[in-house]
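Please read the structure below before turning to the comments.
The values are calculated or read from the model by the stated rules, or taken from the named source; none is laboratory data. Everything numeric in this text was worked out from a predicted model, so none of it was measured. Cβ sites come from the backbone with ideal geometry, for glycine too, and all protein chains shown count toward neighbours. What goes into the accessible areas is simple: the full protein's heavy atoms, side chains included, and nothing from ligands, DNA or RNA. Shrake-Rupley method; radii C 1.70, N 1.55, O 1.52, S 1.80 Å.
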Amino acid sequence: MTKDAEKKARRPVARAMRLLNELLETGGTLSVAEAADIMGVQVGRARPVVETVLEEFVPATRGSSSKLSIRLAGVRRADPSPEVTIAACFGAALADLFDGTSLQTGMRRALSYVTGASANPAKFGDLDRKFIFVRRGGEQALPSKGGLLERIAKAVVDQRPLRVTYARFEGTPLRKETIEPWSIAIHDHQVYVIAKRRGDDSVRTYRFSRFRDVRRAGDRFEYPDLNEFNPRSLFRDSFGVFLGREGEGPVDVVVRLSAQWKHYATCHRWHESQSLNQLDDGVEVSFHVRVCDELKMWIQGFGPDAEVVEPEWLRTELGERALALATRYRPAIESEGTADAG
C-alpha cells in the first residue's frame, strides 16, 4: 500500500477519534456544523460521515435537521465528585441575581444536570435553601433587559463586536460607540461589561443598566492574550470596578477607625493590599489603591468613626465634605435643640 493510500485509510479513524474525544469531554448533543468542524468535513457530509465511520461505536439518531443526537454506546461519564457538585451549588446560588430571566432558569438547569449525574442525587435536596446568595437590591435592569444581557453574553463567548448606545453617568446625552466585549463582571450585586472601545482602544467598564441598545457589529475579533488583558491585574489597584483615568495611579491610603470597629476590621478584607495597625483606641486600615468615589463612599459610610490619615489631600477633601454635610443638617440640629430647650 502506498503512503497516500495509507493516509487516506486512516482518515475515517482519525475523524472517529476526534468525535469520540469531544463526546467523552462534553457529552450531550452536537449540531451538524459542530460535528463537521470537529471531523474536518463539509457540513453537508457531517451526518453520513458520523453514521458511517462511527457506526460500531456510537448510535446516532437523526433527530432534527440541525441536531445530531449522539450517545456513546457502553460508555458512561464519571460521576461528578462531591466537591464539583458543591461548587455547582455555589455557582447556581447566583441565579437569584438574574431573577425573571432565562439565565436564572439556565443556571438552575445546569445545577440539576450536575446533581442528577452525581452518585447520590437524592441527597441534594433543598439546595435553594442550603446555598443562598443574599442580594442587596439586585441588578436594576433585570429582568426587563434580560434579552439584552443574553445578547452581550453571546457576543463575549463568540467574540463579536457590538455597536452600543450608552447613557453617560449623568443620563444624557446618549453616545454611540463600537466595543469589543471581553468580560462580564458582577460587583456589589450589579452587572458590568469590560470592553475595549474602538477608536481610542481604551479598556473601559460599562454599567450594564446604562446600555440602551446593543447590536452586533462586524466580524469576530481576536480575544486578547493574557499579557494584554488579565482581569486580576486590571482591577488589582481598584477599590471596586472603577479603573481610573489615564495618569491616575495607586497611592497609599491610611484610614483610622474608632475602637468600636476594631474587631470588625480584623474580620473583613476590603482589598487584597489591605494591612492593619492595631491601636489602643482603634485600628488603622491601609490600602494601596486608586482613589475613587467608591473608596470615598466607603470611608464616609463610617461617619465620625473614620478619619483619613493620609494622603493629606484626601483628608482635606473629605473634611470639606464633612463640613458641607454639617452645614446641610445644621437647621435640623438647631431646630431640635430649640425644641428641647422649650
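Observations on the model:
- Per-region count, the stretch 218-229, residues under 17 Å from residue 202 (Cβ atoms) and touching a Pro at 6+ places or on another chain (Cβ under 9 Å): 1
- Neighbours by Cβ (under 8 Å, 6+ apart or cross-chain): first from the stretch 197-208, part of a helix (DSSP H, G or I); second of a type in the set (Phe, Trp, Tyr): 208/192
Residues are listed down the side, and each one gets a yes or a no for (1) open to solvent by 30 Å² or more (accessible area, probe 1.4 Å); (2) touching a residue at least 12 places away in the same chain (Cβ under 8 Å):
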{"position": "260", "(1), (2)": "yes, yes"}
{"position": "292", "(1), (2)": "no, yes"}
{"position": "297", "(1), (2)": "yes, no"}
{"position": "325", "(1), (2)": "yes, no"}
{"position": "333", "(1), (2)": "yes, no"}
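- Members of the stretch 139-156 found to be among the small types (Gly, Ala, Ser) and surrounded by fewer than 16 Cβ atoms within 10 Å (Cβ to Cβ), listed by number: 144, 147, 153
- Unique match (being of a type in the set (Lys, Arg), closer than 19 Å to residue 142 by Cβ, in contact with a strand residue (DSSP E or B) (Cβ under 7 Å, 6 or more places away or on another chain) and open to solvent by 80 Å² or more (accessible area, probe 1.4 Å)) among 216, 212: 212
- Some residue of the stretch 135-150 being without any contact (Cβ under 8 Å) to a residue 40 or more places away in the chain and closer than 22 Å to residue 90 by Cα: no
- Every residue from the stretch 262-283 that is small (Gly, Ala, Ser) and buried (at least 18 other Cβ atoms within 10 Å of the Cβ): 265, 282
- Residue check for residue 249: at positive phi and loosely packed, with under 12 Cβ neighbours inside 10 Å: no
- Taken over the stretch 159-175, the criterion of being among the charged types (D, E, K, R) and at pLDDT 95 or above is satisfied by 160, 163.
- Taking the criterion of being crowded, with 19+ Cβ neighbours inside 10 Å and in a helix (DSSP H, G or I), the residues of the stretch 94-105 that qualify are 95, 97, 98, 103, 104.
- For beta carbons closer than 9 Å, sequence separation of 6+ or different chains, a first residue in the stretch 112-124 that is free of Cβ contacts under 8 Å to residues at least 12 places away in the same chain and a second that is of a type in the set (A, V, I, L, M), the qualifying pairs are 112/92; 113/88.
- Condition broken by residue 276, with the remaining ones in (1) touching a residue at least 12 places away in the same chain (Cβ under 8 Å); (2) in a strand (DSSP E or B); (3) over 27 Å from residue 191 (Cβ atoms); (4) not basic (Lys, Arg) satisfied: (1)
- Annotation: residue 129 fulfils all but one of (1) open to solvent by 30 Å² or more (accessible area, probe 1.4 Å); (2) at pLDDT 95 or above; the unmet one is (2).
- Selection status of residue 269, without any contact (Cβ under 8 Å) to a residue 40 or more places away in the chain, under 28 Å from the mean Cα position of the chain (by Cα) and closer than 30 Å to residue 150 by Cα: no
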